[in-house]
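Contents: one structure, followed by commentary.
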Amino acid sequence: MLQLRSSEIMVFILLTGVLMAQAPPTQPAPQQTNRSTSQPNANSNPYNGSIGAPSSTNAPIDLSLADSIRRGLSYNLGAFLADSAITQAQAQRLRILSQLLPQISANIRETRQRESLRALGITFPNVPPTVEFSVTDLRATLNESLTLSAWESSRAARASVEAARFDAHNAREAVVLIVGSTYLLVLDAEARRDAALAQVKTAQALLQLAQDQERAGLAG
């Protein structure tokens, strides 16, 4: 288990991003949209970035392999964008499916009219010469447009959602692989450092022994 400070954790994350940059980035599923999108910079790689960095602390942190993988999956920008692509594809699919649903509209209209019975030549005893009445008009319409192109668009949107899920799965697997490899590289570097320190201590001990022998007149 590694004990890393906040600055060392940032170096660890940057090293993971550098190794991730050497691998081909996973592209999100193409979305059907009318807006034009700009081409990303060839030197940019979302796996080099991170989101929501952990709180800074100077105390050593016990960082196991599982903790490293969890942090990579939680804070890596490439994995976050791949998960966001699923949400975008699902929203696009719902928008296309809404076009296949029947459109229902309703309106109601009420008019009040006043007619003169005397003008119509109608007279009755004890009946006022004018009468008022209201007319209510309630109408509902149902429209449904099901075309082959709309059906194909819905199938394409569903395929885009599945593709986005596969891309997100591949992105998470790539993050796990690179973080695990980086963790092992850090362990290897730590072992090499310990071996080098041991060699330095051995050399210092031999130097001290030689100096003691020289002062004692035992050196040949």
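Every read-out reported here was derived from the displayed coordinates using simple, explicitly stated rules and does not represent laboratory data. Bear in mind that the values here come from a model prediction, so they are computed numbers and not experimental data. Counting neighbours? That spans all protein chains shown, and the Cβs are built from the backbone with ideal geometry, glycine included.
Couple of notes before you dig in:
- Within-15-Å neighbourhood charge of Ala89 [Cβ basis; K, R +1; D, E -1]: +2
- Cβ-based net charge around Leu138, under 11 Å, with every Lys or Arg adding one and every Asp or Glu removing one: 0
- Local electrostatic count, Leu120, Cβ distance below 15 Å [Lys/Arg +1, Asp/Glu -1]: 0
- FRET efficiency for Ala195 and Ser84, using Cβ-Cβ distance with R0 set to 45 Å, rounded to 0.05: 0.55
- Relative contact order (%) - segment 103-143, alpha-carbon pairs under 8 angstrom, separation at least six: 60
- Note on segment 103-143: with charges restricted to the Cβ of Lys and Arg (+1) and Asp and Glu (-1), its dipole about the Cα centre is near 60 debye.
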